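Below is one structure, written out as structure tokens; comments come after it.
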Amino acid sequence: MGVPVLTAVSDARWEARLVAALAQGDLGVSVVRRCVDLADLLATAATGSASAALLSADLRRLDREALGRLALAGVAVVGLVAPGEEEAERRLRQLGVLHVLPSDSTPEELSAAVLQAVSATAPPSPGERAALGEPRRALPDPVVPEQVDAPHSGPGTGRLVAVWGPAGAPGRTTLAVGLASELAQLGRSALLVDADVYGGVIAQVLGLLDEAPGLAAACRLANNGALDLPALAGLARAVGPELRVLSGIARADRWPELRPAALEVVLELARSLADTTVVDCGFCLEQDEELAYDTAAPRRNGATLAALETADTVVAVGSADPVGLQRLVRGLAELRDAVPGVQPLIVVNRLRAGAVPGDAEREVRAALSRYAGVEQLTVVPSDVVGLDRALAAGRTLAEAASTSPARAAITALAAQLAGISTPAPQRRRLLSRR
């Protein structure tokens with residue numbers, strides 16, 4: 001008996017010919033079950049009775065989540081498409097299927113593809129169960145169409161910045177919006193993504209309709225293998241010459257729509273849409289349902305962890321008061337446990353006299369140095385008046401309070417992220433000319 005294989009093909013006659021072809025001779029594979037639909041395929045795969053699956057591109061409800069469950073079961077996948085069906089092949093590859101063959105392939109070609117797929121598939125370790133493989137390896141190189149503004153740095157080379165902070169509303173959204181806005185002011189195309197699964201409010205902050213399709217729609221398309229650059233550009237609202245926004249979920253109970261595997265595809269494609277993608281993340285870093293209960297349940301914190309693991313730069317923000325600093329110190333330890341090797345840029349927000357005795361900035365720096373080993377950090381002064389003015393108008397600080405001291409600190413951080421070393425006076429003149 002060869003490698004045990006499952007089949008799931010929509011056309012029964014086509015499947016019968018396929019099974020009969022594989023039964024001829026000693027090809028090293030053996031069909032152990034002909035599954036009637038996707039549910040039957042997933043249930044059989046979960047029993048561990050097969051090592052590979054042959055499935056057709058038109059299998060009903062086939063999406064990235066289903067392929068993830070097959071990967072979780074250690075089942076390699078080979079896709080079959082009708083001869084000449086380029087769109088079906090493209091969809092399978094966008095879903096992450098590496099091995100795709102025409103349905104009229106010879107039995108030798110089919111068995112060789114199955115054996116190759118099985119040899120390249122390793123059972124996921126407990127720590128890899130959340131990732132479920134790397135579907136982006138199969139994505140074709142993105143092509144920037146004429147109707148989409150090409151990024152300054154070329155396709156696929158944009159940077160990803162994740163803004164994270166512990167519980168307690170330290171100003172994650174304020175900083176994410178400010179960084180994206182200032183990057184746009186500095187001439188860098190920016191995409192602002194609201195990936196907070198607990199309380200995303202970027203749409204409200206910028207005065208946008210929060211029911212409009214945004215990140216959830218992009219993840220839905222990515223999960224179905226239908227997301228490409230024009231589709232992503234159409235979902236990202238343009239709020240300025242160089243700034244686009246992918247709004248978040250309108251209600252917190254919609255968090256299952258932001259699946260980690262789909263979000264990773266969205267963020268990877270975003271690198272082709274903007275020079276810098278700024279992601280507003282949720283606060284919680286717990287490795288929840290899927291790891292804790294050994295099930296395939298969706299993970300509420302999976303979107304946050306996926307964004308942090310994918311990011312080129314992580315910005316960790318805390319509030320400049322005793323409670324906020326304590327949360328930041330503990331949160332940094334949790335962040336390093338959740339994302340090993342991360343070297344976050346530290347931002348202390350809302351610095352003000354009175355919240356910390358003595359010289360507030362000096363005391364904050366000394367506390368973070370002593371308790372968290374942080375020597376380099378950015379301090380953002382408190383500016384309640386300027387931020388209130390921007391929030392009330394649904395505008396950014398650059399538009400509503402251009403002389404805000406908070407904005408000056410965020411601009412300096414944005415310039416650092418963009419690799420701009422323009423002296424402050426020159427930067428102010430540059431901004432004044434825009």
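The values are calculated or read from the model by the stated rules, or taken from the named source; none is laboratory data. Bear in mind the structure is a predicted one, so any value in this text is a computation, not a measurement. So basically every Cβ, Gly included, is an ideal-geometry build from the backbone, and we count neighbours across all protein chains shown.
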Inspect all residues belonging to the stretch 69-84 and state whether any of them is in contact with a helix residue (DSSP H, G or I) (Cβ under 6 Å, 6 or more places away or on another chain), among the charged types (D, E, K, R) and at pLDDT below 90. yes
Matching residues in the stretch 219-265 - criterion: being without any contact (Cβ under 8 Å) to a residue 60 or more places away in the chain, within 13 Å of the chain's Cα centre (by Cα) and surrounded by fewer than 24 Cβ atoms within 10 Å (Cβ to Cβ): 220, 257
Flagged pairs (Cβ under 9 angstrom, 6 or more apart or on separate chains; first in the stretch 37-50, touching a residue at least 40 places away in the same chain (Cβ under 8 Å); second charged (D, E, K, R) and surrounded by 14 or more Cβ atoms within 10 Å (Cβ to Cβ)) are 49/33; 50/33
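So is residue 90 out of contact with any Ser or Thr (no Cβ under 9 Å at 6 or more places or on another chain) and not assigned by TED's automatic domain parsing to the domain that holds residue 223 or not?
Numbers: out of contact with any Ser or Thr (no Cβ under 9 Å at 6 or more places or on another chain): yes; not assigned by TED's automatic domain parsing to the domain that holds residue 223: yes.
Against the criterion (out of contact with any Ser or Thr (no Cβ under 9 Å at 6 or more places or on another chain) and not assigned by TED's automatic domain parsing to the domain that holds residue 223), residue 90 qualifies.
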Please work out which residue is farthest from residue 81 (Cα to Cα), limiting yourself to the stretch 8-20 and to residues that are touching a Ser or Thr at 6+ places or on another chain (Cβ under 8 Å) and of a type outside the set (D, E, K, R). 19
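Condition check ((1) more than 25 Å from residue 209 (Cα to Cα); (2) modelled with pLDDT of 90 or more; (3) of a type outside the set (Val, Ile, Thr)) across all residues:
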residue: 250; (1), (2), (3): no, no, yes
residue: 263; (1), (2), (3): no, yes, yes
residue: 269; (1), (2), (3): no, yes, yes
residue: 280; (1), (2), (3): no, yes, yes
residue: 292; (1), (2), (3): yes, no, yes
residue: 311; (1), (2), (3): yes, yes, yes
residue: 317; (1), (2), (3): yes, yes, no
residue: 325; (1), (2), (3): yes, yes, yes
residue: 330; (1), (2), (3): yes, yes, yes
Take the conditions within 20 Å of residue 96 (Cβ to Cβ), in a helix (DSSP H, G or I), in contact with a strand residue (DSSP E or B) (Cβ under 7 Å, 6 or more places away or on another chain) and touching a residue at least 40 places away in the same chain (Cβ under 8 Å) and apply them to residue 67. Does it pass? yes
Checking residue 111 against (1) in contact with a helix residue (DSSP H, G or I) (Cβ under 8 Å, 6 or more places away or on another chain); (2) assigned to a helix (DSSP H, G or I); (3) within 29 Å of residue 221 (Cβ to Cβ), which single condition isn't satisfied? (3)
Any chance residue 216 is out of contact with any Phe, Trp or Tyr (no Cβ under 7 Å at 6 or more places or on another chain), surrounded by fewer than 24 Cβ atoms within 10 Å (Cβ to Cβ) and in a helix (DSSP H, G or I): yes
